[in-house]
Structure formats: structure tokens, C-alpha cells
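The structure appears right after this line, and notes come after that.
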Amino acid sequence: MRFEITHTTDYRYEQPASEAYVEARLTPPGRPTQKILGHEIVFDPAAPVSSYTDYFGNPTVFYSMVKRHEQLVVTNRLKVETAPPVLPDEALALTVGEARQIFSSVSTEVFDYLRVSAAVPTGGEAAKWARRFLRSDATLRAGMEDLNAAIHREFRYTKGATDNWTPLATIWKEKAGVCQDFAHVMLAVLRTAGLPARYVCGYIEAATPRGGRKLVGAVATHAWVEVMVPGMEWVALDPTNNQWCGERHVAVSFGRDFADATPLRGTFKGSGGQKMSVKVKMKRMEGDA
């Protein structure tokens, strides 16, 4: 499938800002499941930018505006061709216990995706769910599919119920949230069970294609989870939509949690506050049914 994606973030200040600095993690990687046909990030007003690759391998653009301005608009434009993933059946047929044993010998390579982060504490409710779905004798495929389905079934997708910094303990208690929260819940369970897992921020085609299924998560960026399986390969699951990620998912940035992979992060200098609006349009390119 081929898609055109436009992701617009609009910052409007109550009073003109004298300075603004932004980190943009909006550059999608080329992968076997996605080929980048075109990409640009546009800042308005224009100002100097620099680029670097962060700790988690995300290409990052740093924007510096040191002139008075009333509004800042960041537009990410992307053309991408996606392909269905080929799941590693042999690795997924291993048990959780076998996977843990294999990863214990490569601990330095997976350490970051096993440890606790500020947004993803382990233990507690996560330990109960790990014992329930990721028993040592469960196969990786069955355990991850069952966990994915349980989050979809037992947590309510409720827009506005949380914000970026709502503690995971609240999500466990209220059983409500959005895609970011569902990804954090899944990461907590996987890491508690000893399986390396990372947060993915990207885009999803939510509009219902002909004969297809409507998906949740396209008004802004979407979030899901990748789990490392033996063979050092990542596989991706979307608990919000209870499915393995496929051609309608486009991965952009990665990290331990939302804070590592957030698309835009920055600060401004001014005497008032600001309002931010985000809009994502993702449509199939002409000729793609």
C-alpha cells in the first residue's frame, strides 16, 4: 500500500513568544515493511535547524527560533509504501521461558527494553497479568496474542480520560485511556515477564477501506508495542486495535516509553501560555484500493 501522510502541529501563543526550541522525532525509518518515497519537515516561521540521532536511534531535528513570533506550525509530510510483515514463526513457537533464557545471554543488548522507566513501572498489577498470560510454558505467539486481546477487552478507549503524564497506576485502576496508555500497560507486563519490549509512535490508517475494518487512533499519532523475539527480531502488536501491526501502520519513532519517542518536544520563552492542536491526515495514494 502507498500512503500520503500530513501531520500538522499548531502552537498558538497567548502573547508573542521571543524564542522557541523544538526537538522533532518525525523522520520515519526505512524498514522491510515500509519504504520511504518522500519526506519533509516544515517549520513556520522558518529558522535554522540541525540534526542528530538520539540514543534510541531516532533521527532528530532541532529547531531554534530566536525572533518574536505569535504562532509556530510544524508540518510533517510523508509518502510511504508499506508491505505486510512476515512473522518469525519459528521464534514465536518458542516458550516464554525459553525466550527468557536466550535473552539472559545477551542482556547488554536488550537491557534498555527490560528495565523500568518513569512511565512504565513493573510489578504490581503487571506481575499478575504476566503470570496470567505469559507463563513460562506459554508460547510467545499465544502469550502475546492473549495479552494483546485482554488489554483491548478489559480497558476502555476513552479520549480525554488521561494526559501524557497520567501515572500507569491510574490506568490500571480506571481501566481506561488511549493508545499511549494501552502501549504502556502492555510494556509493563512484557518487561515484568522478562521480555524486551519498546514503545512505537507512528501513524495508522483508521478510515474504513472497502471491505476492511475501521481502526482506532488516526486523529493524532498512534502508539503500539514491539517485542523482541529470539533471533533479535522485533514483532509489533497493537493492543488498541487487537491485532498484529500490518500494512496500515507506519512506524516513526521508538523508545522505552512515550517520553523517549514523543514526536515533538520543546520550550518557548514568553509571558503567556500556549494552545496546541494536532491533526493527522493519512490517505491512500491514487491507484491503491
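Readers should treat all values here as calculations from the given coordinates under stated rules, not as data from a laboratory. Please read these numbers as outputs of a predicted model, since none were measured by experiment. Cβ atoms come from the backbone with ideal geometry, glycine included; neighbour counts cover every protein chain shown.
Of PRO48, PRO59, PRO88, which has the largest mean-square fluctuation in a 10 Å C-alpha GNM of the chain?
PRO48
Return the equivalent ellipsoid semi-axes of region 160-289 as a descending list in whole Å, where each equals the square root of 5 times an eigenvalue of the C-alpha gyration tensor.
Computed over region 160-289, the values are 24, 23, 15 Å.
At a 10 Å Cβ-Cβ cut-off, how would you order HIS69, HIS39, fewest neighbours first?
Taking fewest neighbouring Cβ atoms as first place, the list is HIS39, HIS69.
How many Å³ per residue does the convex hull of the Cα positions in region 103-162 occupy?
Value for region 103-162: 126 Å³ per residue.
Using only Cα positions of region 22-161, each an equal point scatterer, no hydration layer, compute I(q)/I(0) via Debye at q = 0.19 Å⁻¹ and quote the log10 values to two decimals.
-1.24
In Å, what is the Rg of the alpha-carbon atoms in the chain, and how long is Dmax?
19.5, 61
Exactly which chymotrypsin sites (Phe, Trp or Tyr not before Pro) in region 59-151 are in a DSSP loop and have at most 16 other Cβ atoms within 10 Å? Let's see the in-between values first.
Numbers: sites: PHE62, TYR63, PHE103, PHE111, TYR113, TRP129, PHE133; in loops: none.
Qualifying residues, ordered by number: none.
Residue-wise, which Karplus ³J(HN,Hα) couplings in Hz belong to region 248-256, taking 6.51 cos²θ - 1.76 cosθ + 1.60, θ = phi - 60°, and x for glycine or proline?
Karplus values, whole Hz, x for Gly and Pro: 8, 10, 10, 7, 10, 9, 9, x, 6.
Averaged over every viewing direction, what's the projected area of the C-alpha convex hull for region 89-261? Give it in nm², one decimal, please.
Values: hull surface 37.6 nm².
Mean shadow area of the hull around the Cα atoms is 9.4 nm².
Can you give the direction-averaged projected area of the convex hull of the alpha-carbon atoms in region 1-99, in nm²? Please report the intermediate quantities before stating the final value.
Details: hull surface 37.3 nm².
Taking a quarter of the hull surface, the average projection is 9.3 nm².
Given only helices, namely DSSP H runs of n ≥ 4 each adding -39500 (n - 2.57), what is the per-residue ellipticity at 222 nm of the chain, to the nearest 500 deg cm²/dmol? Write out the running numbers ahead of the final one.
On the way: 8 runs with 66 residues, N = 289.
For the chain, the value works out to -6000 deg cm²/dmol.
Which one, LYS175, LYS67, LYS279, has the greatest fluctuation when you compute a Gaussian network model over the chain with C-alpha springs under 10 angstrom?
Among LYS175, LYS67, LYS279, the largest GNM mean-square fluctuation belongs to LYS67.
Which peptide among 191-197, 27-33 comes first, and what is the full order, when sorted by highest mean count of other Cβ atoms within 10 Å?
Values: 191-197: 24.0, 27-33: 14.6.
The packing order, highest mean first, is 191-197, 27-33.
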